[in-house]
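No lab work stands behind these numbers, since they all come straight from the coordinates. Quick caveat, the model's predicted, so the values are computed rather than measured. All Cβ positions, glycine included, derive from the backbone under ideal geometry; neighbour counts span all protein chains shown.
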């Protein structure tokens, strides 16, 4: 017998599953009746998720961690953490957002009001990360605007050799630390506002505000460009990079593993941290984006596809970057050896007549032979003569994009093409940042509106949020702004993400319930979770996060928090020692502040100080079941029930069947 179907207001109710005899309720909700905004199409949604996940961290943070933690050896814990933590949590956020169709605050309130603090913590993390993330976009804007000149302003030192700070370092380092940041000597020396940086940060916030002011209809269309353009540029740089001299040395450094690094727990800690930061889980933006989906959407497939694209982008970007770094390492080594050759030819009597050529194999032997008799040889700086040494010290956070890569572009041939490469590169970085910013701010805006905290027009909230973030972000426009950005980057978007992800995993799997989640996924995707999802959600993911918690706490408790800064006299980055007491306190505040909302809201709700007055999923379910106990469940109430709610109450099936033909 075929399925018997009744239809009301675009909702189909089917009571017979063909060929099985099992009774089944299938609800196809009319999404057009829902006034919630929606994506124009599936491609727009996937590009937004990819753009949110793929950001600046893929271009400079991942290569930096790869280099510091043993090259190819880092890929082993990275991929393991991706499988047992990253993809499972990523899937949970997409599923719960699509299921409940609310922002991160209201999602957790509806699951259980005691868990409302998880959503508030997500909003707090998104807000804190947005404060400094857009500053990096402002830095990109500064370099982008300065790229429209030939030669590039960081191609040579100013003053014809009279600016000692530049002569002791390099043109690119000097331009970054002095012309762009004009950095102070320490974090204690604020130095006032750097107006150039302030204007660039203002420009970045203005662009974000304009794109966000129309909601997903605006940012969704902008994402067609912001999410795809970086791949075009990376592809161009890939072909350019792998054809450079020394690219092989850079790629060998990236992929040949140092397996001894696997015994270091910090390598595993940083791999897990990179997964969470890179995939943008625990920010709330993923929940917000997926809440605009129709409920009949394969979020399982979306989670796997986006996670694989994100990790693939990190590895591909590393190939591009390390090929360029290999070129720079070879070039710097050749330059250093030539300078030593000149010293020996001019300062050591009779050396030039020997026709000896300085090479990477013999320069230390020559130094050992002449250093005791010649001060110029003894004091020569061999810092850049070793290719391996250059690669070991080449990558370092923001310095990768704003110092190392610009120096490499100075040596691209033909030299007249330098501005072209620079414009492309910094436009790419800005786009990577913008696509992630859209998702980060959605993690703030959508929850505030869905929870009823903001009841006015969305445009006003967007403008207010951007203005507030810009004003608070002026701390990064100080001459000491780079030190503050390092604090926010190291502590606001790392450890809190692990805490939030742990609680959301426990909340969905053990409070909302794995069976209920499986029923929802069956309705939304057409299939129930397989053994991989169940084992990771129930055991592997929470256990591995607990281990990481312990390792992180131990690491932070047994070390002194120090920072590095620019020394103008030496022309290099040096260790500035420990932070002042208020700087160290800020580090702990950034770690603890978002996480504290979880127990705080739990306590306030438990004691009745801050009761939740909205309707939870459980109360909605109880209300509908109660109406069914007085007779047949009304069609109007039945339409409000979810697939998993119906399956969870088979005892009320007689009332359901009473409605059906």
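Per-structure values
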read-out: Values of log10 I(q)/I(0), in the order q = 0.10, 0.18, 0.21 Å⁻¹, for the stretch 114-251 under a Debye, Cα-only, solvent-free model; value: -0.57, -1.26, -1.33
read-out: Cα-based shape type of the stretch 321-459, given that a ≥ b ≥ c are square roots of the gyration tensor eigenvalues and the cut on a/c is 1.5; value: prolate
read-out: Spin-label pair residue 490/residue 511, simplified geometry with 7 Å Cα→Cβ offset, distance in nm; value: 3.3
read-out: Computed FRET value (nearest 0.05) for residue 472 with residue 381, which takes r as the C-beta separation and R₀ as 56 Å; value: 0.85
read-out: FRET efficiency, 1/(1 + (r/R0)^6) with R0 45 Å, evaluated for residue 260 and residue 454 via beta carbons; value: 0.30
read-out: Fewest-first ranking of 148, 382, 277, 503, using other Cβ atoms within 10 Å as the exposure measure; value: 148, 382, 277, 503
read-out: Stretchable slack from residue 539 to residue 195, in nm (0.36 nm times residue separation minus alpha-carbon distance); value: 118.7 nm
read-out: Percentage relative contact order, the stretch 531-611, counting C-alpha pairs under 8 Å, at least six apart; value: 15
read-out: Residue 301 paired with residue 575, simple spin-label distance in nm, labels 7 Å along Cα-to-beta-carbon; value: 5.4
read-out: Relative packing of peptides 604-614, 121-131, 479-489, 504-514 - highest average C-beta neighbours within 10 Å first; value: 121-131, 479-489, 504-514, 604-614
read-out: All-pairs Cα distance distribution in the stretch 132-211, expressed in whole percent, bin size 10 Å; value: 17, 41, 33, 8, 1
read-out: Mean separation of Cα contacts under 8 Å, 6 or more apart, over the residue count of the stretch 120-181: relative contact order %; value: 24
read-out: Rg followed by Dmax, in Å, when the stretch 480-605 is reduced to its Cα trace; value: 20.3, 66
read-out: Projected-area average for the stretch 399-487 over all orientations - Cα convex hull basis, square nanometres; value: 7.8
read-out: Mean Cα-pair separation over length for the stretch 226-368, i.e. relative contact order, pairs under 8 Å, 6 or more apart, %; value: 40
